[in-house]
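Everything below concerns the one structure shown next.
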Amino acid sequence: MKILSFDIGGTEIKYAFCDENFNLTEKKSVPTNAHEGGARIIERIMKIIKGCENIDRIGISTAGQVDSVKGEIIFATDSIPGYTGTKIKEIIESETGIPTAVENDVNSAAIGEAVFGAAKGFDSFICLTYGTGIGGAIFIDGKLFTGCSFSAGEFGHIVSHAGGKGCTCGGFGCYEAYASASALVNAVKEKTGKSMNGREIFENFENPQIKNVIDCWIDEIVIGLKSLVYIFNPKIIVAGGGIMNEQYITDEINIRLQKELMPSFRKVRVVKALMGNDANKLGAAYLASKIN
């Protein structure tokens, strides 16, 4: 079976071929140009598909809330104008006849980690990605839990600070306003007056000012995780996003989280996602492989 797997993000559309053993080959990417809107994204996807031969299945991981049964976007922010309501599965299948699976990006990443990565062998876990915002996914008894409207796992919008900072969702005090990678970047800029990305921040780790900001940010991560542990009682939490490659972060999260929990909840461990940028494409390919 030859699967063409996509990962539609805000910056890039990444894609690759996947064989029956889930080996990814010919990895490529094109700019998303998200500001041009959802219709243009679909045009780019279709151009790529029509330029490929002998495709048996198509898997798509995408930003936005996704009805994975209908394969359409339930809701997307204005970062991709006009994406809400886009019937991705219907469009692709009607134009190509190729069976297509569509899933939210964090859910796809969690499936990739469940089948191939850090959560392999665990029936129940939660997954969070720390980036521009905070995305989440929930696995219970070996199955992805999506809720009544395919939107479960929006961990970035649990309230960690009542009446706090404004959030892109329109609310106040959301977890991602304090604990996302973007929140760390913003906090460092407020403290030092310098604009740095995550890599640059950790290159300056020995700077006492910056280390203090990092430690305060890790405390914010733990605040949200503490609530999630008490709700789900997971054995592992898979933490993704490029910032989580820093070993200091996951080490400190585990140390501090253990101190915050009641003894009966302390079996939980936070582990780094293992599949990196391939997790989404692998998860989408796996779903596509299961289409009857």
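Descriptive notes on the structure:
- Condition check for Glu43 on (1) in contact with a strand residue (DSSP E or B) (Cβ under 7 Å, 6 or more places away or on another chain); (2) without any contact (Cβ under 8 Å) to a residue 12 or more places away in the chain; (3) of a type in the set (Asp, Glu): one failure, at (1).
- Of all the listed residues (Lys194, Lys189, Lys226), the sole one being at pLDDT 95 or above and in contact with an Asp or Glu (Cβ under 9 Å, 6 or more places away or on another chain) is Lys226.
- For Lys165, the criteria (1) surrounded by fewer than 16 Cβ atoms within 10 Å (Cβ to Cβ); (2) modelled with pLDDT under 95; (3) more than 17 Å from the chain's Cα centre (by Cα) hold in every case but one, which is (2).
- Contact annotation: residue pairs with Cβ atoms under 8 Å, 6 or more positions apart or on different chains, pairing a residue in segment 6-20 that is surrounded by fewer than 16 Cβ atoms within 10 Å (Cβ to Cβ) and charged (D, E, K, R) with a partner that is at pLDDT below 95 and not in a strand (DSSP E or B), are Asp19/Met1; Glu20/Met1.
- Failed item, numbered, when Ala34 is tested on (1) over 18 Å from Glu103 (Cβ atoms); (2) over 18 Å from the mean Cα position of the chain (by Cα); (3) surrounded by 20 or more Cβ atoms within 10 Å (Cβ to Cβ): (2)
- So Glu200, is it surrounded by 13 or more Cβ atoms within 10 Å (Cβ to Cβ) and touching a Lys or Arg at 6+ places or on another chain (Cβ under 9 Å): yes
- Any hit, segment 269-285, residues being outside any loop (DSSP other than H, G, I, E, B), among the acidic types (Asp, Glu) and surrounded by 21 or more Cβ atoms within 10 Å (Cβ to Cβ): yes
- Scanning segment 154-199 for residues that are assigned to a helix (DSSP H, G or I) and of a type in the set (Val, Ile, Thr) yields Val185, Val188, Thr192.
- Taking residues in segment 125-153 that are within 27 Å of Gly85 (Cβ to Cβ) and free of Cβ contacts under 8 Å to residues at least 24 places away in the same chain, and partners anywhere that are surrounded by 15 or more Cβ atoms within 10 Å (Cβ to Cβ) and not hydrophobic (A, V, I, L, M, F, W, C), the pairs with Cβ atoms closer than 6 Å and at least 6 places apart or on different chains are Ala152/Thr146.
The values are calculated or read from the model by the stated rules, or taken from the named source; none is laboratory data. Keep in mind that what you see is a predicted model, and the values were worked out from it rather than measured. Methodologically, a virtual Cβ is constructed for each residue, glycine included, from the backbone with ideal geometry; neighbour enumeration extends over all protein chains shown.
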